[in-house]
Each structure stands twice: as structure tokens, then as C-alpha cells.
1. For segment 76-108, which positions are under 23 Å from F29 (Cα atoms) and among the β-branched types (V, I, T)?
2. Collect the residues in segment 15-50 that are closer than 18 Å to A125 by Cβ and in contact (Cβ under 8 Å) with a residue 40 or more places away in the chain, keeping them in residue-number order.
3. Which residues, taken from segment 95-115, are in a helix (DSSP H, G or I) and surrounded by 13 or more Cβ atoms within 10 Å (Cβ to Cβ)?
4. Any residue that is modelled with pLDDT of 90 or more and aromatic (F, W, Y) - is there at least one of those in segment 33-47?
5. Given the criterion closer than 26 Å to I22 by Cβ, touching a helix residue (DSSP H, G or I) at 6+ places or on another chain (Cβ under 9 Å) and among the polar types (S, T, N, Q), identify the matching residue among S95, S99.
Amino acid sequence: MPWESGLRLLDCQSNEMHDFLISLVIYSFLLFPPILLIFRFTTRKPPWRVINLLVLLFSLLGWSLVFYAYAEEQTRTQELLEQQRYDELPHGWDSDGASGVFALFLGWLVPLAYFMLWLTVYALAATIRKVFGSNRKRMDA
């Protein structure tokens, strides 16, 4: 199959490089919402329709990351089983697969909830700025 050559290429990479790339993706993923909303707070750009599109894309990317994490966990469990290292198996490794179903069908909720948390912080900061801005205008008048 054509995708198998890509998988073999990934297997050739060192574990340190793989760990670095995973860390880079995770940290970028976690820093994107606060950086975007800080930029929006200070410049009032981009418009909200662009922010809504970015929330959708962020949720889709996060969904793929959640599913990738699940697949990596399953791969690691399979490797441990093949090597007969039963003492290192994670708790619940032989579960009914509910975590896979969640990752597949509801994995988009995790990044959406994370983005909404930052959007709540943004709304609170914008409300405070508005209240203090209107008080400052009254004092200047």
C-alpha cells in the first residue's frame, strides 16, 4: 500500500525527534487560542467570522490529535503484549474500547472546550476593558 512507505519513514526517525515533534505540536496547539485572542484583544483584528473559522479548524485539528493519541496508546499496548511485558501494561488496557469510540465520535469536544475556556477569559477581559473605558470617559467629561 502507498501509505506504508510513509509509515516506514516515520519508523526510521529517532525517538528523540519523534518526542520533539509531538511536544512541538502539543505546545503549539495549547498556545494557539490564547495568542489568537490576545492578538484580537489588542488589535481588534481579525474579525469574528475569521475567529469562528479558526475555532472550527482548531477543533478539527484537536480531534485528529485526540485520535492520534488513542492510536499511539493502542500501538504501545500492542508492542508491550508482543514483548510479553505484562507488568508495564496500562491499567484498563483490555477495556471494551469506549475510549476509542469517544476519540472517534466526540474527540472534537476536547479542543472546543479548551478554546471556549480561553474565549471566556477573553470575554471577561473585554467586559472589564469596556467598564473601565466607560468610567474613564465619564471622568474626562
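1. V101
2. If we filter segment 15-50 for residues that are closer than 18 Å to A125 by Cβ, which is where we start, we get 31-46, 48.
Answer for segment 15-50, where residues must be closer than 18 Å to A125 by Cβ and in contact (Cβ under 8 Å) with a residue 40 or more places away in the chain: P33, P34, L37, R40, F41.
3. If we filter segment 95-115 for residues that are in a helix (DSSP H, G or I), which is where we start, we get 98-106, 109-115.
Once the filter is applied, which keeps residues that are in a helix (DSSP H, G or I) and surrounded by 13 or more Cβ atoms within 10 Å (Cβ to Cβ), segment 95-115 yields S99, G100, F102, A103, L104, L109, V110, P111, L112, Y114, F115.
4. Checked segment 33-47: at least one residue is modelled with pLDDT of 90 or more and aromatic (F, W, Y).
5. On the way: S95 fails: touching a helix residue (DSSP H, G or I) at 6+ places or on another chain (Cβ under 9 Å).
Going through S95, S99 in turn, just one is closer than 26 Å to I22 by Cβ, touching a helix residue (DSSP H, G or I) at 6+ places or on another chain (Cβ under 9 Å) and among the polar types (S, T, N, Q): S99.
The values are calculated or read from the model by the stated rules, or taken from the named source; none is laboratory data. This one's a predicted model, so the numbers in the text were calculated from it and none came from an experiment. Neighbour counts are summed over all protein chains in view; Cβ atoms, including those assigned to glycine, are modelled from backbone coordinates with ideal geometry.
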